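Peer 1: My questions will all concern the structure given below.
Bear in mind these aren't lab numbers, they're just calculated from the coordinates by the rules spelled out. The structure displayed is predicted, hence computed values, not measured ones. All Cβ positions, glycine included, derive from the backbone under ideal geometry; neighbour counts span all protein chains shown.
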Amino acid sequence: MPTFVAIDDPDDPRIAPFRDVRERDLVGRDGLFVAEGAVVLAVLAASTRHCALSLLLDERRVGGLADVLARLPPETPVNVAGRAVIDAVAGFPLHRGILALGRRETPIEAEALLGRLGVRATVVVACGIANHDNMGGIFRNAAAFAADAVILDAECCDPFYRKAIRVSVGHVLNLPQARLGRGVDVVELLVRHGFDVLSLTPSAAERLVDVVPARRTALLLGTEGPGLSPSVLARSRPVAIPMAAGVDSLNVAVTSGIVLHHLASMRDRGDRSA
């Protein structure tokens, strides 16, 4: 079992990393992240890629987390406090009463990540996704439909932001991912690694329902409104999800779920008929 530490002062230096988590998450944590909630903590405790450095728990939650806490290294400090102390530390009422400070794995280059995927692979590529709820939803859908990796362009928000991790139900911590450098040509990169590059846009002539996925398929998702750039659309395979008249687009996280479900279903159908 890890080491339990009783905390009765919100200014205790041992819990300084958890102080004002909302504001501090917005400016980044230099390779660290804060995870919130029992489900996400369980994912972190089981992770072989990221590690928990310390916890801050509401004293009322400790008993129900015994199995999860037992999976942590014994040197991991588990700080335990009353609700008033935790709320003062976090800077807002923390209803879940569970925070964990984690360290990310060493980042991998997109080139290396794509190169190590199998001959059959599905990759989600997020372009300019700035909303943390959408980012978390994309990761959750990618995990649900067995995508192999997520690639982020330089304009995307940080998926290790606390809210994005929570919305993803911890799958930000599960899925292999890489971030592109500014100016990297993502279409060229994917084509060079043998991917059929699908770009989602309402203006496409090809319908999603007619798409038969290649052995290696990449799904490009752009921001709601502007969408993907004309250059990306011109050099990829534009695909549309037909919608009712008067509706011009879907939420990007919803779009990812629909497309990934289709790709997974088509692959399952192909496997059964092989």
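Peer 1: Percent antiparallel among DSSP beta bridges with both residues in the chain, to the nearest 5?
Peer 2: 30 percent
Peer 1: Looking only at segment 1-103, where both bridge partners belong to it, what percent of the DSSP beta bridges are antiparallel (to the nearest 5)?
Peer 2: 60 percent
Peer 1: Which residue, Pro159, Leu250, Val232, has the largest displacement toward the positive end of the dipole of segment 110-273 when charges sit on each Cβ (Lys, Arg +1; Asp, Glu -1)?
Peer 2: Looking along the dipole axis, the top candidate is Pro159.
Peer 1: Give me the three principal axis extents of segment 110-273 from the C-alpha atoms, as integers in angstrom, largest value leading.
Peer 2: Rounded to whole Å, the extents work out to 39, 37, 31 Å.
Peer 1: How would you rank Ser203, Ser265, going from fewest to most other Cβ atoms within 10 Å of each one's own Cβ?
Peer 2: So the ranking, lowest neighbour count to highest, is Ser203, Ser265.
Peer 1: Choose one answer from Gly222, Gly170, Gly181: the residue with the largest mean-square fluctuation in a GNM of the chain with alpha-carbon springs under 10 Å.
Peer 2: Evaluated over the chain, the most mobile residue of the options is Gly181.
Peer 1: So how compact is segment 3-103: Cα radius of gyration and Dmax in angstrom?
Peer 2: Radius of gyration, then largest Cα-Cα span, for segment 3-103: 12.4, 34 Å.
Peer 1: Which distance in nm do the two modelled labels at Asp133 and Ala70 give, with both placed 7 Å along the Cα-to-Cβ direction?
Peer 2: 3.8 nm
Peer 1: Turning to a different aspect of this structure: Which value, in debye to the nearest 20, describes the size of the charge dipole of segment 3-103 about its Cα centre when Lys and Arg Cβ atoms bear +1, Asp and Glu Cβ atoms bear -1, and nothing else is charged?
Peer 2: 360 debye
Peer 1: Per the helix-only calculation at 222 nm, which mean residue ellipticity applies to the chain, given -39500 (n - 2.57) for every DSSP H run of n ≥ 4 and division by its residues, nearest 500 deg cm²/dmol? Intermediate values should be presented prior to the final figure.
Peer 2: Details: 10 runs with 85 residues, N = 274.
Estimated from H runs of four or more residues: -8500 deg cm²/dmol.
Peer 1: Compute the Kirkwood hydrodynamic radius of the chain, taking the inverse of the mean of 1/r over all pairs of distinct Cα atoms, and give it in Å to one decimal. Provide the component values of the computation, followed by the final result.
Peer 2: Values: mean 1/r = 0.0500 Å⁻¹.
Evaluated over the chain, this radius sits at 20.0 Å.
Peer 1: What does the extension gain come out to for Asp8 and Met266, with contour length at 0.36 nm per residue minus their alpha carbon separation?
Peer 2: Answer, rounded to one decimal: 87.3 nm.
Peer 1: Same structure again: With a 10 Å radius around each residue's Cβ, average the other Cβ atoms per peptide and rank 124-132, 248-256, 183-191, highest first.
Peer 2: 124-132, 248-256, 183-191
Peer 1: Label-point separation (nm) for Ala205 and Ile258, each offset 7 Å from Cα along Cα-to-Cβ?
Peer 2: That separation, rounded to one decimal, is 2.1 nm.
Peer 1: Just report the Cα centroid separation between segment 114-176 and segment 214-260, whole Å.
Peer 2: If you average the Cα positions of each part, the centres end up 16 Å apart.
Peer 1: Using the Cα centre as the reference, give the magnitude of the dipole from point charges on the C-beta atoms of the chain (Lys, Arg: +1; Asp, Glu: -1; all else neutral), rounded to the nearest 20 debye.
Peer 2: In debye, rounded to 20, the chain gives about 700.
Peer 1: While we're on this one: Once you have the Cα-Cα distance between Arg61 and Ala234, take 0.36 nm times their residue separation minus that, and quote the gain in nm to one decimal.
Peer 2: 57.0 nm
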